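What follows is a single structure, written as structure tokens, with notes after it.
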Amino acid sequence: MAARDPEARQAHKQAVKEAKAAKRLQKQGLGDPMAGAKPCTLCDRPRNLLVRCQVDASGAWQMACGRCWLAASGGQVDGAASHPHYRRVVLPSPRGVRQ
């Protein structure tokens, strides 16, 4: 069995400790607030909370942020009469995100 380089082992241990600390902070809600954020398919801004909805005649499902959702739905949960192609699906909030 070959002897391992003690400096490489120490560097690896330090990297593992840093990764665990970052993960611990994220679970406590103290880490990066945009970690795990996904882009809105209508405006491409990263957001933690998206609404899955259909907004046009193509029937393609979109993931919309709050601002885009208001424009797509007319501000109504089930859509306004002026937005005939609007449909939405209720999605649970992502885990670990504080709102």
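The values are calculated or read from the model by the stated rules, or taken from the named source; none is laboratory data. A quick note: this is a predicted structure, and the numbers were derived from the prediction, not measured. In this analysis, Cβ positions are derived from the backbone assuming ideal geometry, glycine residues included, and neighbour counts consider all displayed protein chains.
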- line: Note on segment 54-68: residues farther than 26 Å from Q26 by Cβ and under 16 Å from the mean Cα position of the chain (by Cα) are Q62, C68
query: Is it fair to say G29 is loosely packed, with under 12 Cβ neighbours inside 10 Å, under 15 Å from the mean Cα position of the chain (by Cα) and under 30 Å from C68 (Cβ atoms)?
result: yes
query: Which residue pairs have Cβ atoms closer than 8 Å, lie 6 or more positions apart in sequence or on different chains, and pair a first residue in segment 64-85 that is without any contact (Cβ under 8 Å) to a residue 40 or more places away in the chain with a second residue that is assigned to a helix (DSSP H, G or I) and not polar (S, T, N, Q)?
result: A64/A72; H83/A72
- prompt: strands (runs of 3 or more DSSP E) wholly in the chain with at least 3 residues that are modelled with pLDDT of 85 or more - which ones?
  reply: 51-54, 61-64
